[in-house]
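Down below is the structure, laid out as structure tokens.
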Amino acid sequence: MADTGASGAAAAAASQSYKQQKEAFVSNLAGGSVVEIAQVCAVAPVVTLLWSALQTRQSFFKSYTPLAFVVDFLLNVGALLLSVTLYSSAPLLLNILLLSVAAFVYVIPGSRPTRRKRPLVPPSPDAASKMSKAQAAKRSWFSPVANPTNLGLFSTKPFLTNYRGNMMVVTCICILAVDFRVFPRRFAKVETWGTSLMDMGVGSFVFSAGIVAARPLLKEFYEKTTTPLGTRLARSLRHSLPLLVLGGIRLLSVKGLDYAEHVTEYGVHWNFFFTLAFLPPFVALFQSALKVIPSSSLIALLLCLCYECALHLTSLKSFILAGPRDNLISMNREGIFSFIGYLSIFLVGQDMGMVILPRGDERFSGSRRAFDLMVALAVAAIGLNVLYFFCTNYSYGLGWTVSRRMANLPYVLWVAAFNSALLFGFMLVDCIFFGNFYNAKDKKAEKEAYETATSRILRAYNRNGLAVFLLANLLTGLVNMTVPTLDVGSVATMGILAAYLLALTAAAVGLDMYDISVKL
């Protein structure tokens with residue numbers, strides 16, 4: 001009996017020691033450089049460029065065969081996995097290799113698609129009478145659009161799907177990969193000050209959610225209606241409730257299973273699901289301010305400036321970083337106060353959605369509207385990057401440091417500037433290869449052009465993003481409870497990560513094939 005008791009105590013001590021090792025593995029990290037993070041994330045639009053070259057030159061994904069799925073998975077999931085693991089020390093090399101392959105695909109003779117009786121973007125009857133069939137087939141994407149009102153007020157643009165799909169894929173990769181040694185520590189979440197890939201990931205998730213949340217606001221604007229505050233709050237609470245439940249389930253599972261946790265990330269009880277859950281009602285409240293303040297971005301800037309002043313002029317910063325955890329608020333101070341920054345990021349994303357989601361002025365051609373949108377994205381990216389530089393540069397600016405833990409003003413500007421530049425990159429690829437999307441004259445042609453221009457995998461991740469994210473969290477927990485991740489070698493790690501991503505991708509594509517949208 002004594003031996004049994006001793007062995008049980010030893011096992012408990014070993015288990016506790018391993019938990020402490022895992023907590024230490026993700027704690028006290030300093031992050032990496034903004035330039036390296038940009039090089040890693042640039043893999044996504046570069047892969048989209050390669051995918052687009054295969055599609056436009058070889059019609060490779062036109063018929064979605066098992067081989068097409070494999071190549072789609074290797075490009076849009078596998079390449080991103082390599083960028084944060086085996087190629088993490090040489091992301092620029094990976095980008096060059098992918099660009100080289102894209103150039104090779106583009107210069108080799110392409111497949112000749114069968115001639116259609118009707119081109120993808122058919123000319124108007126008047127124009128058709130003045131052009132030969134050969135001229136009609138050669139029409140560029142600079143052709144004018146007729147009757148865009150027949151297509152509705154909004155359009156699901158390919159570059160937005162590519163952006164959101166890639167963001168979800170990278171997020172799902174990182175939440176499990178971070179527990180293995182093959183994932184560089186400089187990519188994991190920073191303890192207090194600095195920048196990292198995963199710090200950018202959580203901000204991008206919120207920014208992306210803000211973009212699509214602009215749709216109801218735009219609908220009100222076009223219909224010239226106003227939703228009462230009480231109605232907006234009631235609707236927002238319906239969105240918040242499932243996320244609050246998920247946050248509660250995660251909290252109970254982490255505490256009940258004695259799962260390793262990083263307390264200084266959000267606090268003792270708070271988690272990212274709670275942050276997401278509280279966003280809708282606060283956004284609904286701030287929408288009332290749009291009657292006085294012209295844009296959500298300006299509201300976000302004012303909110304951040306007030307928060308930053310509080311951090312610098314009061315004891316709030318020292319309370320967040322080193323205060324005692326003796327009550328519910330102090331126990332969860334990181335999650336509570338960083339919510340201000342995440343709310344600001346969401347509002348900036350919502351303002352970006354006000355620009356991206358509308359179809360545009362019907363008086364202009366599709367090419368003109370696409371060009372105007374590219375200019376708007378470029379101006380936003382440049383402006384936000386200038387603000388970020390001024391805020392963080394020690395020689396020519398304020399010299400403030402990014403802190404994801406507090407979600408301060410430099411962090412908000414970094415996330416907004418980075419995502420604006422990324423959106424511009426995806427749209428640039430869009431217009432180079434699939435400009436005909438912007439000239440579609442009816443919904444059928446637009447849908448065909450959209451599906452031609454987007455990966456089936458990325459569409460699936462984008463369609464059920466939150467459900468896939470939840471499944472990724474469940475699988476991450478399962479792997480961590482069954483596999484000693486710190487002791488696994490590189491080959492085995494890559495096998496586990498590949499299997500995990502294949503399962504996620506199969507689930508996402510399966511839901512999309514059966515036309516299922518999981519609403520949470």
Which residues, taken from region 1-33, are surrounded by fewer than 18 Cβ atoms within 10 Å (Cβ to Cβ) and at pLDDT 90 or above? ALA30, SER33
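Of the residues in region 86-110, how many are closer than 14 Å to VAL43 by Cα and open to solvent by 50 Å² or more (accessible area, probe 1.4 Å)?
The total comes to 10.
One line per residue, one yes/no per condition, for (1) in contact with a strand residue (DSSP E or B) (Cβ under 7 Å, 6 or more places away or on another chain); (2) surrounded by fewer than 20 Cβ atoms within 10 Å (Cβ to Cβ); (3) under 22 Å from GLY267 (Cβ atoms):
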residue	(1), (2), (3)
GLY323	no, yes, yes
GLY335	no, no, yes
GLU362	no, yes, no
TYR396	no, yes, no
THR401	no, yes, yes
MET406	no, no, yes
LEU409	no, no, yes
LEU413	no, no, no
List pairs: first in region 494-515 and within 18 Å of THR171 (Cβ to Cβ), second open to solvent by 40 Å² or more (accessible area, probe 1.4 Å) and of a type in the set (Phe, Trp, Tyr), Cβ under 9 Å, 6+ apart or cross-chain? THR505/PHE69; VAL509/PHE69
Which listed residue, of ASN473, ASN419, is open to solvent by 20 Å² or more (accessible area, probe 1.4 Å), in a helix (DSSP H, G or I) and among the polar types (S, T, N, Q): ASN473
Those residues of region 60-83 that are outside any helix (DSSP H, G or I), open to solvent by 40 Å² or more (accessible area, probe 1.4 Å) and not basic (Lys, Arg) come to a total of 4
Answer from LEU478, LEU458, LEU502 - the residue that is in a helix (DSSP H, G or I) and more than 22 Å from SER63 (Cα to Cα): LEU478
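Out of everything in region 271-304 that is part of a loop (DSSP other than H, G, I, E, B) and open to solvent by 50 Å² or more (accessible area, probe 1.4 Å), what residue ends up being nearest to VAL190 (Cα to Cα)?
The initial filter retains those residues of region 271-304 that are part of a loop (DSSP other than H, G, I, E, B), namely 271, 292-295.
Keeping just the survivors that are open to solvent by 50 Å² or more (accessible area, probe 1.4 Å) gives 292, 294.
Working: VAL292: 37, PRO294: 35 Å.
The residue in question is PRO294.
The values are calculated or read from the model by the stated rules, or taken from the named source; none is laboratory data. Everything numeric in this text was worked out from a predicted model, so none of it was measured. FYI the Cβ positions are ideal-geometry reconstructions off the backbone, even for glycines, and counts take in every protein chain you see. When the accessible area is computed, the model is the full protein with side chains, heavy atoms only, and any ligands, DNA or RNA have been set aside. Shrake-Rupley method; radii C 1.70, N 1.55, O 1.52, S 1.80 Å.
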